[in-house]
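J.: Dropping a structure here in structure tokens format, bear with me for questions.
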Amino acid sequence: MEKFTWDALRAKYQPGTEVRQLLSARTFKILKVDDEAVYFKWAVVTNGKIQRCNLERMAELIEDNVVRKDVSTLVNDYRTLVGDERPSTAIAILKDMGVF
């Protein structure tokens, strides 16, 4: 498990990077990362966004062992404790980043 930092996320996710979805072999594509959010597209979501504060908060909850580290629980905990902003995509990013 690695400590989550926004700088590491920005370095890893250049435009066009593909990230595997949680429960399938399908991927979503990173459009860009700025100081405020990660922007992505997949299937019918052509301009999705996950705010930096939400990813940082969920990473903190995972790193502090406040939440269990299984995918379905993390998705539900993200929705309940952080926000209902693309929970499965947010957890897929944190998983790909090595946070859990």
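J.: I'm trying to understand the selection: among the residues of region 67-84, which are under 14 Å from PHE4 (Cβ atoms) and of a type outside the set (Phe, Trp, Tyr)?
T.: So in region 67-84, the residues under 14 Å from PHE4 (Cβ atoms) come out as 67, 69, 74, 78, 82.
If the condition is that a residue be under 14 Å from PHE4 (Cβ atoms) and of a type outside the set (Phe, Trp, Tyr), then VAL67, LYS69, LEU74, VAL82 are the ones that fit.
J.: Which condition number does VAL66 fail, the rest of (1) loosely packed, with under 13 Cβ neighbours inside 10 Å; (2) among the β-branched types (Val, Ile, Thr); (3) not in a loop (DSSP other than H, G, I, E, B) being met?
T.: Checking VAL66 against (1) loosely packed, with under 13 Cβ neighbours inside 10 Å; (2) among the β-branched types (Val, Ile, Thr); (3) not in a loop (DSSP other than H, G, I, E, B), the one that fails is (3).
J.: Just checking, how many residues over region 23-40 are touching a residue at least 60 places away in the same chain (Cβ under 8 Å) and surrounded by 15 or more Cβ atoms within 10 Å (Cβ to Cβ)? If you could, list the steps in order and put the result at the bottom.
T.: Residues of region 23-40 touching a residue at least 60 places away in the same chain (Cβ under 8 Å): 23, 28.
Pick out the ones that are also surrounded by 15 or more Cβ atoms within 10 Å (Cβ to Cβ) and you get 28.
The total comes to 1.
J.: Also: Spot the failing condition for ILE30; the list is (1) within 14 Å of VAL99 (Cβ to Cβ); (2) in contact with a Gly (Cβ under 8 Å, 6 or more places away or on another chain), and only one is missed.
T.: Going through the list (1) within 14 Å of VAL99 (Cβ to Cβ); (2) in contact with a Gly (Cβ under 8 Å, 6 or more places away or on another chain), ILE30 breaks only (1).
J.: Looking at (1) at pLDDT below 95; (2) over 13 Å from the mean Cα position of the chain (by Cα); (3) surrounded by 12 or more Cβ atoms within 10 Å (Cβ to Cβ), which one does ALA43 not meet, given that it meets all the others?
T.: (3)
J.: Taking only region 46-59 into account, find how many residues are over 26 Å from LYS3 (Cβ atoms) and modelled with pLDDT of 95 or more. Please lay out each step first, then the result.
T.: Within region 46-59, the subset over 26 Å from LYS3 (Cβ atoms) is 46-47.
Okay, now just the ones that are also modelled with pLDDT of 95 or more, so none.
Of the residues in region 46-59, 0 are over 26 Å from LYS3 (Cβ atoms) and modelled with pLDDT of 95 or more.
The values are calculated or read from the model by the stated rules, or taken from the named source; none is laboratory data. Computed from a predicted structure; not experimentally measured. Note that each Cβ is placed from the backbone with ideal geometry, even for glycine, and that neighbours are counted across all protein chains shown.
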